[in-house]
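Please read the structure below before turning to the comments.
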Amino acid sequence: MELVCVGLNHRTAPVEVRERFAVPAGKLGESAKQLLEIEGLGESVVLSTCNRTEFYLAGDHAEDAAATLRRKLAESHGADSDPHWYEHHRLSAAKHLCRVVCGLDSMVLGETEIFGQAKEAYRQALDAGATSGVLNRLFQRAFGVGKKVRTDTRIQEGATSVAGASVELAEKIFGKLAGCRVIVIGAGEMSRQTAQALVSRGASSVFVTNRSFDKAEALAAEMGGRAVKFDEWQPVLAGVDVVISSTSAPHPVVLPHHIESVRRVRKFRPLFLIDIAVPRDIDPACGDIEEVYLYDIDTLEQLADEARTRRQRQIAECDRIIEEELRKLNLPGT
Amino acid sequence: MDRWFLIAATALAAVGGVIGMWSVHKGTRNRWTVIWMIAVFAAQLGFLSVRGEARAACPLVGLGEILVFLAWSLTLFYLVVGPTYRLSLLGVFTAPVVVVFQAVALLPGVLDPDPQRVTGSDPWRETHAAMSVLSYGSLALAAVAGVMFLVLDRQLKDHHLQSGLFRNLPPVRELLKSMVRLLWIGVALLSIGIIAGFLMPRQSGGGHLVAALAVWTGYAGLLSVRLVRGLTGRRTATVAVLLFVVSLSVFALV
């Protein structure tokens, strides 16, 4: 029994190559079933995401089948992709799958979306009858390892982007973000991403203001929020919990007196100010107001950077767990 | 026997607190805090039931029994509030306060070694004592939540976000909500205690009732200002902590 993984990912292939080999989400099982037509192959699973396309193959002559598969792919999609492919054999293939499932091979280290994507790929292959003893055991163990790594290590801990760090801080201040109100000052890309991240975690009302009202309206429509004219945003401050500011103004836009004027109306509730503009949009003196928590781009980037470093430090521990679990599995072909 | 229950309750609270703090230091969440505090609560109940039987009344005679009743009340409120609002860390902060109260009660001479049956018991007197001490349990827990808020507020303001404590502290809004609710419960119970105090037969001048009224006014004032005008979390927490410390000192003197 042989076990092989053939694949390309964001490290080995640029997007223009990856997109040629992407398999539609609903056809993973069908593709896995088709692969079984290759001689010497008994089982297969096809995993395809925006960052990778991988074929997990098991059979008495899976290594020969992998060579046949690559030849067929070169014939159908062009031989120029050949240098982008990698192969893992036997134990290395099993380890690779576990690393993928744990998010260790992802663009954002430790991300969890891949876990669900791998589960879906396996489910489709199982339903299509493309898996049997070896890949069933391997994938089930890989999912078990993925859960163990998430529980026993800190590979997922901390947000690794400015938007993610902002959401984490907002949750530390407000708990669940359902019902949280947000105002976005300046309809740039960074503020869009940050507001989107807050909305995805439950923030309910989004107000958008921008010097160009058209842009404010466009972003508000995208967020399901309301556009506010740039000279009318100050009264809105009374009702919001989070302010995201990212204008290109050369001087501060949000000043202490803007907040002081609405403190009583707000009944001194906590206010989270996110300043992702350079030069800064929010006067640092706003942070001296008791109920205000002010974070600028440098602090947020530093938080994201520290989280990335912490995750990097967890890799060795994750690999140790993977090795230990695979040793217990004692899978044929590894 | 009662003393052994108290020693067990104190030791359990101390060990639970130390384990909880160690977990916090390491940055992990300790799910055992509630279990430790349940064990503490059981041992406190053991103590109070033995003393209650000896007294044939609510065991609130002398400083020792009052302190243990207060520690029991504090634990009770933690067990009600902690799991409900997922504030397991509240237990880590509560345990040291429980240890201090009970350790003082264990000091030689504080606890009456031979509790006598209470004669001439009056229901208003018992209601007054029990409700007043219960209210202090709630107000003590509000002060604990206040300290937690002040720690978190400082860390968020100074951008010191890497400690295990920061990771384990509940959100600002949750802490504020639970602190204010505990203050309301404490004031409500204290109101019943004070009313019962005025209805009970009094031998002495009732200095402690005046002190209780002053304390009640302080807490009621804090809650009214917060309700009507609004108050920052930091000021609410600071006043809640100060009022508790001051009122405890006042009662120790009266």
> So how far apart, in nm, are the two label points at B:VAL80 and A:ALA249 if each is 7 Å from Cα heading toward Cβ?
Replying inline: 4.9 nm
>> 7 Å from Cα along Cα→Cβ at both A:GLU217 and B:ARG181: what's the point-to-point distance in nm?
In response: 4.5 nm
> Looking at the range A:128-179, which trypsin sites (Lys or Arg not before Pro) are DSSP coil and have at most 14 other C-beta atoms within 10 Å of their C-beta?
Replying inline: A:LYS176
>> Once you place label points 7 Å from the Cα toward the Cβ at B:TRP22 and B:VAL110, how far apart are they in nm?
In response: 2.6 nm
>> Using the Cα atoms of chain A, I'd like the radius of gyration and the largest Cα-Cα distance, Dmax, both in angstrom.
In response: 24.9, 76
> How much net charge surrounds B:ARG51 when only the other residues with a Cβ under 12 Å from the Cβ of B:ARG51 are counted, with Lys and Arg +1 and Asp and Glu -1?
Replying inline: -2
>> Report the Cα centroid-to-centroid distance between the range B:29-81 and the range B:110-180 in angstrom, as an integer.
In response: 14 Å
>> Can you give the longest run of chain A that contains no GluC sites (Glu not before Pro) sitting in a DSSP loop with at most 11 other Cβ atoms inside 10 Å?
In response: A:40-334
>> Output needed for the protein assembly as shown: three equivalent-ellipsoid semi-axes, defined as square roots of 5 times the C-alpha gyration tensor eigenvalues, in descending order, whole Å.
In response: 59, 35, 16
> Taking H as built 1.01 Å from N, whose amide H comes closer than 5 Å to the amide H of A:LEU294, not counting residues under 5 places away?
Replying inline: A:LEU273
> What are the principal axis extents of the Cα atoms in the range B:123-254, in Å, biggest first?
Replying inline: 57, 30, 23
> DSSP loop trypsin sites (Lys or Arg not before Pro) in the range B:109-210 with at most 10 other Cβ atoms within 10 Å of their Cβ, which ones?
Replying inline: B:ARG117
> Cα centroids of the range A:151-228 and the range A:279-334: how far apart, whole angstrom?
Replying inline: 19 Å
> Considering only A:SER204, A:ALA285, A:VAL243, whose Cα is most displaced toward the positive end of the charge dipole of the range A:162-303, charges sitting on Cβ of Lys, Arg (+1) and Asp, Glu (-1)?
Replying inline: A:SER204
> Which percentage, to the nearest 5, of the DSSP beta bridges contained in the protein assembly as shown is antiparallel?
Replying inline: 45 percent
> What's the Cα-based Rg to Rh of the range A:32-109, Rh via Kirkwood?
Replying inline: 0.96
> For the modelled label position 7 Å from the Cα of B:LYS157 along Cα-to-Cβ, which residues of the range B:219-241 have backbone nitrogen atoms closer than 18 Å?
Replying inline: B:231-241
> Between the range A:242-259 and the range A:1-59, what is the C-alpha centre distance in whole Å?
Replying inline: 49 Å
> Can you run phi through the Karplus equation (6.51, -1.76, 1.60; θ = phi - 60°) for the range A:97-108 and list ³J(HN,Hα) in whole Hz, with x for Gly and Pro?
Replying inline: 4, 4, 5, 5, 4, 7, x, 7, 9, 8, 5, 9
> With the dipole of the range A:2-152 worked out from charges on the C-beta (+1 for Lys and Arg, -1 for Asp and Glu) around the Cα centre, which of A:GLY29, A:ALA142, A:HIS77 lies farthest toward the positive end?
Replying inline: A:ALA142
>> What Kirkwood Rh does the range B:11-111 have if only Cα atoms enter the pairwise 1/r average? Answer in Å.
In response: 13.9 Å
> How much mean residue ellipticity at 222 nm does chain A get from its helices, if each DSSP H run of length 4 or more adds -39500 (n - 2.57) and you divide by all residues, to the nearest 500 deg cm²/dmol?
Replying inline: -14500 deg cm²/dmol
> Comparing B:LEU70, B:LEU79, B:LEU213, which has the greatest mean-square fluctuation in the GNM of chain B with Cα pairs linked when under 10 Å apart?
Replying inline: B:LEU213
> Mind checking which lysines have their C-alpha under 30 Å from A:LYS119, skipping anything on the same chain fewer than 8 residues away?
Replying inline: A:LYS27, A:LYS33, A:LYS72, A:LYS95, A:LYS147, A:LYS148, A:LYS176, A:LYS328
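Values in this text are rule-based calculations from the coordinates and carry no lab data. Keep in mind it's a predicted model, so treat the numbers as computed, not measured. All Cβ positions, glycine included, derive from the backbone under ideal geometry; neighbour counts span all protein chains shown.
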